[in-house]
Amino acid sequence: MTQDLYGLPVTGADAAALQGINDLIHGFISFDPKATNVMKAAADAPECCLANTYTAMIWMLLEAPIAAAKANPFIEAAERAAPKATVREQLMTQAIRAWVDGDVPACITLCETILDDYPRDMVALKLAQYHTFNSGDFASMLRVALKTMPAADDIPYAHGMVSFGYEECHLLDDAAASARRAMDIQRAEPWAHHTLAHVYLTRGQTNEGIAFLESVADTWDGLNSFIHSHLWWHMALFYISAGRPDDVLQAYDTHVWGLAKDYSQDQVGAASLLARMEFAGIDVGARWGDVADYVAKRGADTVSPFLTLQYLYALGRAKRPEGEALLDAIEARAKDTAQHDHKTWEEVALWAAHGIAAHAAEDWDDAIRFLGKALPRLAECGGSHAQRDLFEQIHLDALIQSGQASKAQQVLEMRRTFDPGGVPLNMMLADVYDQSGLPGQAAIARARAESAKATLH
């Protein structure tokens, strides 16, 4: 028996297998591509329980319909090795088996059990947060992260995960403090950067958000495509608010789209940013076609409601016929009562999907009606509040396109509470006030936009 990089026992691992396991642990929590090195370790050490368990997990993180089939041989190998493994390793194997079998609640429970006795198990924490985040259970995201303290106080990535748990619970002061603690230990902690991007966005601190992200962007080179593209996605949101279309397009073309076009998270990041650019009046040219080409290859992918809804938007926006097949798959998934998240699909995602399809068809009334049913519960589909804002913006665009100026005014003024100087937002408000016969308010909104543009450039 030996120990991993955080002092936890590992069985059945020679030096090479242990290195693969450590690469997975550190790579998984730091977003380093070396995490996949564990796959070779598993191939070379079929009797190492943890190497095979972690390899199965890597396959599940593919977030694709084929993932479980790819993961199953490795979780079977881990189960064969489990009788000689530690209790912690056995519990992790059971957690990944539950995930492979579609029992996400059991996977979360098992991760929590591990953290109760092994609070330095960063894989158990990251996996628990991954699933609680995807199910919209943000209080649990925070609870599982706090289990690691104070035992993991020396691990910057633990503080980064604590910080995001606080942020998703809207505890912004605590979130910022935990993120800063992570960066005090290690400046290049991307998840702490991510939390602070959220904090600045939620507080409407566009200028500060840009300055901060630009000050740490040098540390993102070499990270995996998800976190590199996602942090630049956050940067682009600030650029949109600041009225900097050229910078937005450059961020999209250089950092958001093109790193791993086959990967789920890169696809939805690109789709959601293109949509936001268009709503802000930025001409995106032919960029939708390339994203839709890759999304179409996914077929009837209903692995995650949050991801699937964005696939549907990309296909609809590009007028791809595959969108109809995906909508059919969503309807079928909503009828599958055997799945743990059946209610989310039936009562939330299905309504949102029909609203998105209606928006693509320029049926503004149905887009408003269906999205209006889904929006109050959309957190159950997963994604952060910043990411789910896409669907709020689709709904808002339908209100504007349908000429419902009074309703659009209400939404826009509420949005101004967290984006007070937003250039596109204030220009939309000016148009809505003009339509409402309130030229004085329109002039004030335009002045805000011009002032913000001058200040934020």
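The values are calculated or read from the model by the stated rules, or taken from the named source; none is laboratory data. Keep in mind that this is a model prediction, so the values were computed, not measured. Heads up, the Cβs are rebuilt from the backbone with ideal geometry, glycines too, and the neighbour counts pull from every protein chain shown. Quick note on the areas: whole protein, heavy atoms, side chains included, nothing else; ligands and nucleic acids left out. Shrake-Rupley method; radii C 1.70, N 1.55, O 1.52, S 1.80 Å.
Points worth noting:
- Solvent exposure of region 227-270 as accessible area per residue, Å², 1.4 Å probe: 29 Å²
- Those lysines that a straight Cα-Cα span of less than 20 Å connects to LYS147, excepting residues fewer than 8 apart in one chain: LYS126
- Secondary-structure-derived ellipticity at 222 nm for the chain, considering helices only, amounts to -21500 deg cm²/dmol, per-run term -39500 (n - 2.57) for DSSP H runs with n ≥ 4.
- Each of THR417, ALA445, GLN401 was placed along the dipole of region 355-457 (beta-carbon charges, centred on the mean Cα), and the one lying farthest toward the positive end is THR417.
- Relative to one another, the C-alpha centroids of region 46-109 and region 113-146 are positioned 17 Å apart.
- Between 0 and 90°, nearest 10: helix 104-117 axis offset from the chain longest Cα axis: 60 degrees
- The lysine pair tally for region 240-397, using Cα distances under 19 Å and a gap of 8 or more places or different chains, is 5.
- If you wrap the Cα atoms of region 141-278 in a convex hull and average its projected area over all directions, you get 8.2 nm².
- The chain: translational diffusion in µm²/s, Stokes-Einstein, Kirkwood Rh over Cα pairs, 37 °C, 0.692 mPa s: 143 µm²/s
- GluC sites (Glu not before Pro) within region 354-457: DSSP coil, no more than 14 neighbouring Cβ in 10 Å: GLU362
- Within the accessible area of the chain (1.4 Å probe), percent carbon and sulfur: 53 percent
- With Cα atoms, 0 to 90° folded angle of helix 122-134 axis to the chain main axis: 40 degrees
- Between the beta carbons of SER451 and GLU47, assuming R0 = 60 Å, the FRET efficiency works out to 0.35 to the nearest 0.05.
- Nearest 10 degrees, 0 to 90: helix 405-415 Cα axis against the chain principal axis: 40 degrees
- Dipole magnitude of region 1-138 about its Cα centre (Cβ charges: Lys, Arg +1; Asp, Glu -1), debye to nearest 20: 200 debye
- Region 1-147 - Kirkwood radius from inverse mean 1/r over Cα pairs (Å): 14.8 Å
- The eigenvalues of the Cα gyration tensor, multiplied by 5 and square-rooted, give region 229-310 an equivalent ellipsoid with semi-axes of 22, 12, 12 Å from largest to smallest.
- The residues of region 1-141 expose, per residue, 38 Å² of accessible area to a 1.4 Å probe.
- Our note on the geometry: Cα centres of region 343-381 and region 228-302, 22 Å apart.
- Over region 408-457, volume per residue of the alpha carbon convex hull, in Å³: 55 Å³
- For the set ASP293, ASP301, solvent exposure ranked by accessible area (probe 1.4 Å, protein chains only) runs largest to smallest as ASP293, ASP301.
- Å² per residue, accessible surface of region 378-457 at 1.4 Å: 43 Å²
- Net dipole in debye of the chain [+1 Lys, Arg Cβ; -1 Asp, Glu Cβ; about Cα centre; nearest 20]: 320 debye
- Extension gain, ASP14 to ASN207, is 64.4 nm, computed as 0.36 nm per intervening residue step minus the present C-alpha separation.
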